[in-house]
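Take a look at the structure below.
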Amino acid sequence: MRIARTLRIVAASAFLLLAACTTSHILTGTPRPPIDPSQVRVYYGSPGVPFEEVALLETSSGAFTYGEQNKTDSVMRKLREEAASLGANGILFQGTADSYGGGGVSVGAGTGRFGGRSYTSGGVGVNISPRQKHGRGVAIYMANPPPEHRAPPPPVE
């Protein structure tokens, strides 16, 4: 009985950890067969060619990702992987935001009496989880994506 209870607690904890690291999408177009995430390019504005919107994407860096650059890298990697799983070859990046929260310290104490004896206990809890970074983008599909290294547009005079 005790083993079954412990296994349920471990399974629930694992589920919560995995749920905190998920990437979600809302389909707004037609998904295609999955592609390699390295083929997904990120655009910070219009790619300049016709495209079809496939899905709205949201993700987070994860509960145990430390360092701003690591958080951003994690968000971008997860957005690319989700877009690739839908067959999208591009992402219109919409930005990132930091979550609220962070670390904290808690202190507790208690006393009790049982069987003629008194008991006293105390405890300290420390939370060092970093704040997560959340990212959003639109997964897109382009039949003819622009060349990867095209020349910059001429300056406007």
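The values are calculated or read from the model by the stated rules, or taken from the named source; none is laboratory data. Keep in mind the model is a prediction, meaning the values are calculated, not measured. Glycine also receives a Cβ, built like all others from the backbone with ideal geometry; neighbour counts cover every protein chain displayed.
Laid out as a table, the results:
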read-out	value
Filter result for ALA83 (in a strand (DSSP E or B), small (Gly, Ala, Ser) and within 30 Å of PRO147 (Cα to Cα))	no
Those residues of region 64-83 which are surrounded by 15 or more Cβ atoms within 10 Å (Cβ to Cβ) and farther than 15 Å from ARG136 by Cα, in sequence order	THR65
Residue within region 45-53 that is assigned to a strand (DSSP E or B), modelled with pLDDT of 95 or more and either touching a Ser or Thr at 6+ places or on another chain (Cβ under 9 Å) or surrounded by 12 or more Cβ atoms within 10 Å (Cβ to Cβ) (or both) present	yes
